[in-house]
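Novice: I'd like to ask some things about the structure below.
The values are calculated or read from the model by the stated rules, or taken from the named source; none is laboratory data. These numbers were taken from a predicted model, which means no experiment stands behind them. When we count neighbours, we look across all protein chains shown, and the Cβ atoms used for this are built from the backbone with ideal geometry, even at glycine.
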Amino acid sequence: MQYEAPTNLAEVVALLASADGHGRVMAGGTDLLARFATGSHRPALLVDLKHVAELMEIEQRGDGGFTIGAAVCGAAISEHAGLCSAWPGVTEAMDLIGSVQIQGRASLGGNLCNASPAADSVPALIAAGATCRILGSQGERQVPVADVILSPGKTCLAGDEFVVSFYLPPRAPNSGDAYLRLIPRSEMDIAVAGAAVNLTLDDTGVVIAAAIALGAVSPVPLLVPRAAEVMLGCRLDEEVMRRFRSVVSASCRPINDKRGTIDYRNHVAGVLAVRAALIAARRAGQEDI
Ligand SMILES: Cc1cc2nc3c(=O)[nH]c(=O)nc-3n(C[C@H](O)[C@H](O)[C@H](O)COP(=O)(O)OP(=O)(O)OC[C@H]3O[C@@H](n4cnc5c(N)ncnc54)[C@H](O)[C@@H]3O)c2cc1C
């Protein structure tokens, strides 16, 4: 396996184009190297992304939104005060991944492009309305994170494309997001279910914008517009949250496996979504909830 560590985007593009579909990018390697160790097919060319500046920066843009390089590690994301304050749901989702050692390597780009149904940062990015900048030999495109994963292990990226960065839009006043997951033990495990909620309230606590995304309860992370509709135009009282929970649970399409049955996953997703919505509302300034 040929290893290359380019230092700019043009070199990454050229290397992947020259590999004719047999190249693979690596960010933290926390998924990729683990797979090689268990005998997965090794690409002819491995392109290390961690030496390219654009892939390793977090920047607040003029419009108030944030650009996060696709290879920035979880620890750097958690240490960015501005990002944590604007998008606590996204940063807490990334922070849940692995251990201290994994946090020093693992990236948002790797979490997304590994295309696991249970990837923790992906529902939070989807609920946040994040887009990603994708680059390849045919040029550049912006794609909503919600459209990247096509099926378990498969993304919409061509063989010579890679994610350069994520864009999180500017926050409206009275906005908050949150991500919660359940795992069978206290850390270092894969989610039974995960729920991300992103809300904007008006001055009276009425929800004026909402997005809900779920992880580990369908083949791909799931945006649930029907659940958002339940909250729109309402304060988050008991009756609204009861309806919200039942729509979330009914929207799941999980499998039975050793981490949980279908019924259990449906139930847990509903409970987590309610709790995440209440945290998001508090973060949006609704103190009395
Ligand atoms: C002990 C342990 C615990 C873990 N715990 C969790 C957890 O709690 N939650 C969770 O969601 N995951 C967990 N993971 C999985 C993994 O750490 C995450 O998915 C991580 O975010 C992957 O990022 P990475 O940078 O290491 O990806 P890599 O391993 O470098 O890459 C993963 C895949 O994405 C591709 N890729 C990487 N970057 C890009 C890019 N910029 N553009 C296009 N393709 C790209 C690679 O080619 C590869 O196919 C865990 C892993 C381990 C080993």
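Novice: Can you tell me which residues in region 186-196 are small (Gly, Ala, Ser) and more than 8 Å from the ligand (Cβ to nearest atom)? Explain how you work it out, then say what you get.
Specialist: Pass one, region 186-196, residues small (Gly, Ala, Ser): 186, 191, 193-196.
Those that are small (Gly, Ala, Ser) and more than 8 Å from the ligand (Cβ to nearest atom): Ser186, Ala193, Gly194, Ala195, Ala196.
Novice: Can you tell which of Thr91, Thr30 is of a type in the set (S, T, N, Q), at pLDDT 95 or above and within 9 Å of the ligand (Cβ to nearest atom)? Quick ask: steps written out before the conclusion?
Specialist: Values: Thr91 fails: within 9 Å of the ligand (Cβ to nearest atom).
Unique residue meeting the criteria: Thr30.
Novice: Now for a separate question. Consider region 49-74. How many of its residues are in a helix (DSSP H, G or I) and either among the basic types (Lys, Arg) or buried (at least 17 other Cβ atoms within 10 Å of the Cβ) (or both)? Reasoning before the result, please.
Specialist: Our first condition is that a residue be in a helix (DSSP H, G or I); within region 49-74, this holds for 53-56, 74.
From what's left, either among the basic types (Lys, Arg) or buried (at least 17 other Cβ atoms within 10 Å of the Cβ) (or both): 54-56, 74.
Number of matching residues: 4.
Novice: While we're looking at this one, here's another question. Looking at region 134-148 only, could you name the residues that are surrounded by fewer than 18 Cβ atoms within 10 Å (Cβ to Cβ) and not in a loop (DSSP other than H, G, I, E, B)? Give the steps one after another, and end with the answer.
Specialist: Filtering region 134-148 down to residues surrounded by fewer than 18 Cβ atoms within 10 Å (Cβ to Cβ) leaves 136-144, 147.
Passing the criteria: Gly136, Gly139, Glu140, Arg141, Gln142, Val143, Pro144, Asp147.
Novice: Kindly list the number of the only condition in (1) at positive phi; (2) more than 11 Å from the ligand (Cβ to nearest atom); (3) in contact with a Leu (Cβ under 8 Å, 6 or more places away or on another chain) that fails for Gly139.
Specialist: Failing condition for Gly139: (3).
Novice: If Ala158 passes every condition in (1) crowded, with 19+ Cβ neighbours inside 10 Å; (2) touching a strand residue (DSSP E or B) at 6+ places or on another chain (Cβ under 9 Å); (3) hydrophobic (A, V, I, L, M, F, W, C) but one, which one does it miss?
Specialist: (1)
Novice: Considering only residues of region 5-48 that are assigned to a loop (DSSP other than H, G, I, E, B) and within 19 Å of the chain's Cα centre (by Cα), which is surrounded by the most Cβ atoms within 10 Å (Cβ to Cβ)? Explain how you work it out, then say what you get.
Specialist: Narrowing region 5-48 to residues assigned to a loop (DSSP other than H, G, I, E, B): 5-8, 19-22, 27-31, 38-44.
The next check asks that each one be within 19 Å of the chain's Cα centre (by Cα); those that pass are 27-31.
Values: Ala27: 28, Gly28: 24, Gly29: 17, Thr30: 23, Asp31: 18.
The extreme case among them is Ala27.
Novice: What number of residues in region 220-252 are surrounded by 14 or more Cβ atoms within 10 Å (Cβ to Cβ), within 27 Å of Met94 (Cα to Cα) and touching a Ser or Thr at 6+ places or on another chain (Cβ under 8 Å)?
Specialist: Residues that pass the stated criteria total 5.
Novice: Here is a list of conditions, (1) in contact (Cβ under 8 Å) with a residue 40 or more places away in the chain; (2) under 24 Å from Ile279 (Cβ atoms); (3) touching a helix residue (DSSP H, G or I) at 6+ places or on another chain (Cβ under 6 Å), and Ile77 meets all of them except one; can you say which number that is?
Specialist: Among (1) in contact (Cβ under 8 Å) with a residue 40 or more places away in the chain; (2) under 24 Å from Ile279 (Cβ atoms); (3) touching a helix residue (DSSP H, G or I) at 6+ places or on another chain (Cβ under 6 Å), Ile77 violates only (1).
Novice: For Ser218, all conditions in the list (1) more than 14 Å from the ligand (Cβ to nearest atom); (2) under 11 Å from Ala277 (Cα atoms) hold save one; what is the number of the exception?
Specialist: (2)
Novice: Take region 109-130 and flag every residue that is under 17 Å from Pro88 (Cα atoms) and either away from the ligand (no atom under 11 Å from the Cβ) or surrounded by fewer than 24 Cβ atoms within 10 Å (Cβ to Cβ) (or both).
Specialist: Within region 109-130, Leu125, Ile126, Ala127, Ala128, Gly129, Ala130 qualify.
Novice: Checking Ile183 against (1) modelled with pLDDT under 95; (2) more than 8 Å from the ligand (Cβ to nearest atom), which single condition isn't satisfied?
Specialist: Of everything listed in (1) modelled with pLDDT under 95; (2) more than 8 Å from the ligand (Cβ to nearest atom), Ile183 misses just condition (2).
Novice: Please specify each residue of region 267-289 satisfying the condition of being closer than 19 Å to Ala86 by Cβ, in a helix (DSSP H, G or I) and either without any contact (Cβ under 8 Å) to a residue 40 or more places away in the chain or small (Gly, Ala, Ser) (or both).
Specialist: Answer for region 267-289, where residues must be closer than 19 Å to Ala86 by Cβ, in a helix (DSSP H, G or I) and either without any contact (Cβ under 8 Å) to a residue 40 or more places away in the chain or small (Gly, Ala, Ser) (or both): Ala276, Ala277, Ala280, Ala281.
Novice: Of all the residues that make up region 167-200, how many are crowded, with 17+ Cβ neighbours inside 10 Å and under 23 Å from Ala269 (Cα atoms)? It would help to see each step written out before you state the result.
Specialist: Step one: list which residues in region 167-200 are crowded, with 17+ Cβ neighbours inside 10 Å, which gives 167-168, 171, 174-183, 190-200.
Now drop any that are not under 23 Å from Ala269 (Cα atoms), which leaves 175-183, 190-200.
Final tally of qualifying residues: 20.
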